[in-house]
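Structure, as C-alpha cells:
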Amino acid sequence: MSRAVHRLVDRSELVDAAAELLDGGYRLALVAGHHDPTAFRVVFVLTRASVVRELSVSVPVLDPRLPSIAHLSYTGGRFERELRDMFGIEPVGHPMPRRLVMHGHWPQDWYPMRRTGRRDGGSGEGHDEGHDEGSVPDFAEDVGSFPFLEVAGDGVYEIPVGPVHAGLIEPGHFRFSVVGETILRMKARLWFVHRGVEKLFEGADVEHAVALAERISGDTAVGHAHALLSAVEDAAGIEVDLPARRLRALLLELERLHNHVADLGALGTDVAFGIAGVHAQRLREKLLRLNRSVTGHRLLRGGLYLGGARVRRLPTDRELAEIAEEIAELAEVTLGHAVVLDRFTGTARLSAEQASQLGTLGYVARASGLDVDARRDHPQLDLGPAFSVVTEPGGDVLARYRVRMRECAVSAAVIRDLLTRELPEPSPAWTLPGADQVPGLAGTGPLGWLGRPRSGVGLVEGWRGTICHRVELDDAGRLARVRVVDPSFVNWPALPVALADTIVPDFPLANKSFNQSYAGNDL
C-alpha cells in the first residue's frame, strides 16, 4: 500500500516543490491530468524507497498553463507534452513544446481527455456547433510530415523503416540518419496504435477494469493487473493478506520467466544463432502451458482479483528446477559461441550516466549499472533470501542479455521459495468471489473505502520495469480516473541514445535487447 503524502501547491510553487523532491532523491513516476467540474487538476507522483508523495496543482480552464519542469526531469518534459496533447494544458517554458502523442492528422483544437474534448473545456464559448458534447471531430487525411531533424553532410543519407513491419510486430516508424553503415541519429515515431485506454477505464467497475488492465500490453497481464489492483486497494484501504500477496508475487515471476526466455532466444536469432531461438521457443511453450494449467490462460490472465489472487494449481518445485536448468544451459551455449559474444559485446551501449539522466527503468537500467527494482524499493512482501537485484555494468547488448539470464535464475528461485510458504489453496474451477469473500470488504460499502482516501497508487516491478497506476474512485465505488505508466514510456527514448555509432545491421539486435512495448507506450 502506498499511502501517498498529498500536498496542494499553487502553479507558482510547482517548480520549486518538484525541484526539492527531485534533489532529495525522488523519481517522477507519473503525471496525471484531470478535468474536474470547475477546473483542471494535475497530479505529480514522485517516489523514493517505499515513500510516495503527490503534488496537486489546480489549473483554470480559461488559462490552461503550467510552468514546465522539463529542465528538472527529462521524463517530466515528456509527461508535459502528453498532458498538452490530451488536455490542452500548455507547459510554459518547455524546450520542445511540439506534439508527442498526436500525429499530424489530429484536429488542432481537440483534446480527447477533456470532458467534451473542446478547447474551451465545456464552457460553450468558441464551440463548433457541428460537434455535439463529447463527439469526435473529423480527422484530416494528411496535414504534412512529422518534423524529423535532418542530418546533413558528405555521405549522409536517411533510411526510413516502418511503421508497417514484417511479421506481427506492432507499428512504429524509425528514421535513421546514416553515413556508411554507422548510425548518426535515430528518431522513433510511435503512437500509431493509441487506443484511448485511460478513457475506457472511466466509469468501469473493478472486475471489468482488471480485464482491461490485463490487455494494456498483452505480455504484461499480471504486471498491469497487479498495479491497478494495488492502486484500488490503496484507495479503498483494503489489506491483502500475506498468502495472497505471495501468490501474486509468484504469478509475477512466472510472467517474468516466459518473457525473458523469449528474449534470450530472439537475441540469439538476431545474430543468426538460430538454434538458440528454437530452444528458447520450446522453453517458452513449456512455460506457457504451465501458465495455462496455473490460471487457465497462457498469459496468466484471470489470476488476480480485488483483495486476492487465485490459481487452479500451483507449479511444482521440480518443474521450476528443470526450467531453470534448461535456461541456464541455453544461455551458456549462446554466450559460449565466439561470434555471438562478439556481436553482443559493446553493441548499443547505454552508459550509467545516460540511463540515469533519461530515468530508465527495469532491465535496461540495471544493465547500465543502476540498482533500481520496485520489488525491493516498494515491496508488497519480503521475497526472502532467494531474491536479489541483478545489475550489470556494461550497458550493451551483452549486459542486457546477462541481466535477463540472471533474472531468470532469480525468478525461478523466488517461485520455488514461495512454494514452501503458505499460499491460498488452489481451486480447479473458481468463480469470482463476492464482497463477503474478499478480505476487508464485507459490510464496508461498495469498495470498503468509505471514510478513507479515494485515490491510490500502485507500483509493481513488471518484467520490463516499474509499472505505475494511479486511480481515483467515485462515490459509487467505480473508477473515475485511471492513469497508467508502463516502463516502455520511460525507456523508449533511451534506444536512440544507445544507437549512436552503432551500425545499421545491428539495429534489430539493439532494438530486441531493449524490447519495449508499443502498446504499453501508446495506450
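The values are calculated or read from the model by the stated rules, or taken from the named source; none is laboratory data. Everything quoted here is computed from the prediction, not taken from an experiment. Positions of Cβ are backbone-derived with ideal geometry, glycine not excepted, and every protein chain shown enters the neighbour counts. What goes into the accessible areas is simple: the full protein's heavy atoms, side chains included, and nothing from ligands, DNA or RNA. Shrake-Rupley method; radii C 1.70, N 1.55, O 1.52, S 1.80 Å.
Go through the stretch 482-523 and report how many residues are surrounded by fewer than 21 Cβ atoms within 10 Å (Cβ to Cβ), part of a strand (DSSP E or B) and at pLDDT 95 or above.
Adding up the residues that qualify gives 0.
Restricting to the stretch 338-376, name every residue that is open to solvent by 40 Å² or more (accessible area, probe 1.4 Å) and assigned to a helix (DSSP H, G or I).
ALA338, VAL339, LEU341, ASP342, ARG343, ALA352, GLU353, GLN354, SER356, GLN357, ARG376
For residues that are part of a loop (DSSP other than H, G, I, E, B) and under 21 Å from the mean Cα position of the chain (by Cα), scanning just the stretch 382-425, find the one that is surrounded by the fewest Cβ atoms within 10 Å (Cβ to Cβ).
If we filter the stretch 382-425 for residues that are part of a loop (DSSP other than H, G, I, E, B), which is where we start, we get 382-396, 419-425.
Subset that is under 21 Å from the mean Cα position of the chain (by Cα): 389-391, 395.
Working: VAL389: 15, VAL390: 18, THR391: 20, GLY395: 25.
My answer is VAL389.
I'd like to verify a number: residues in the stretch 15-40 that are over 16 Å from THR75 (Cβ atoms), crowded, with 18+ Cβ neighbours inside 10 Å and of a type outside the set (Phe, Trp, Tyr), how many?
Matching residues across the stretch 15-40 total 3.
Regarding ALA49, is this residue modelled with pLDDT under 95, among the small types (Gly, Ala, Ser) and out of contact with any Cys (no Cβ under 8 Å at 6 or more places or on another chain)?
Details: modelled with pLDDT under 95: yes; among the small types (Gly, Ala, Ser): yes; out of contact with any Cys (no Cβ under 8 Å at 6 or more places or on another chain): yes.
It is true that ALA49 is modelled with pLDDT under 95, among the small types (Gly, Ala, Ser) and out of contact with any Cys (no Cβ under 8 Å at 6 or more places or on another chain).
Can you name the residue in the stretch 202-232 that is within 24 Å of GLY172 (Cβ to Cβ) and either surrounded by fewer than 23 Cβ atoms within 10 Å (Cβ to Cβ) or without any contact (Cβ under 8 Å) to a residue 24 or more places away in the chain (or both) and is also farthest from the chain's Cα centre (by Cα) among such residues?
LEU212
Of (1) of a type in the set (Gly, Ala, Ser); (2) at pLDDT below 80; (3) on the phi < 0 side of the Ramachandran plot; (4) open to solvent by less than 70 Å² (accessible area, probe 1.4 Å), SER145 satisfies all except one. Which?
Only one criterion is unmet by SER145, namely (4).
Under 7 Å between Cβ atoms, at least 6 apart or on separate chains: pull out the pairs that start in the stretch 270-287 with a residue that is within 13 Å of ASN259 (Cβ to Cβ) and end on any residue that is of a type in the set (Val, Ile, Thr) and modelled with pLDDT of 95 or more.
Once the first residue is within 13 Å of ASN259 (Cβ to Cβ) and sits in the stretch 270-287, its partners that are of a type in the set (Val, Ile, Thr) and modelled with pLDDT of 95 or more give ALA280/VAL261; LEU283/VAL261; LEU283/ILE323; LEU283/ILE327; ARG284/VAL261; LEU287/VAL261; LEU287/ILE323.
Being on the phi < 0 side of the Ramachandran plot and surrounded by fewer than 23 Cβ atoms within 10 Å (Cβ to Cβ) narrows it down to one residue among LEU306, LEU335; which is it? First the steps, then the outcome.
Numbers: LEU306 fails: surrounded by fewer than 23 Cβ atoms within 10 Å (Cβ to Cβ).
Being on the phi < 0 side of the Ramachandran plot and surrounded by fewer than 23 Cβ atoms within 10 Å (Cβ to Cβ) holds for just one of LEU306, LEU335, which is LEU335.
Quick one: would you say VAL178 is closer than 30 Å to LEU229 by Cα and surrounded by 14 or more Cβ atoms within 10 Å (Cβ to Cβ)?
Numbers: closer than 30 Å to LEU229 by Cα: no; surrounded by 14 or more Cβ atoms within 10 Å (Cβ to Cβ): yes.
No.
Pairs only if they're at least six apart or on different chains, beta carbon under 9 angstrom, first in the stretch 342-359 and touching a residue at least 60 places away in the same chain (Cβ under 8 Å) and among the hydroxyl-bearing types (Ser, Thr, Tyr), second crowded, with 16+ Cβ neighbours inside 10 Å and part of a loop (DSSP other than H, G, I, E, B); list them, first residue then second.
Partner pairs satisfying both residue conditions: THR347/ASP396; THR347/THR502.
Return a yes/no flag: does the stretch 460-470 have any residue that is surrounded by fewer than 22 Cβ atoms within 10 Å (Cβ to Cβ) and either modelled with pLDDT of 95 or more or not in a loop (DSSP other than H, G, I, E, B) (or both). Show your work before the answer.
Start the filter on the stretch 460-470 by keeping residues that are surrounded by fewer than 22 Cβ atoms within 10 Å (Cβ to Cβ), which leaves none.
No, every residue in the stretch 460-470 fails to be surrounded by fewer than 22 Cβ atoms within 10 Å (Cβ to Cβ) and either modelled with pLDDT of 95 or more or not in a loop (DSSP other than H, G, I, E, B) (or both).
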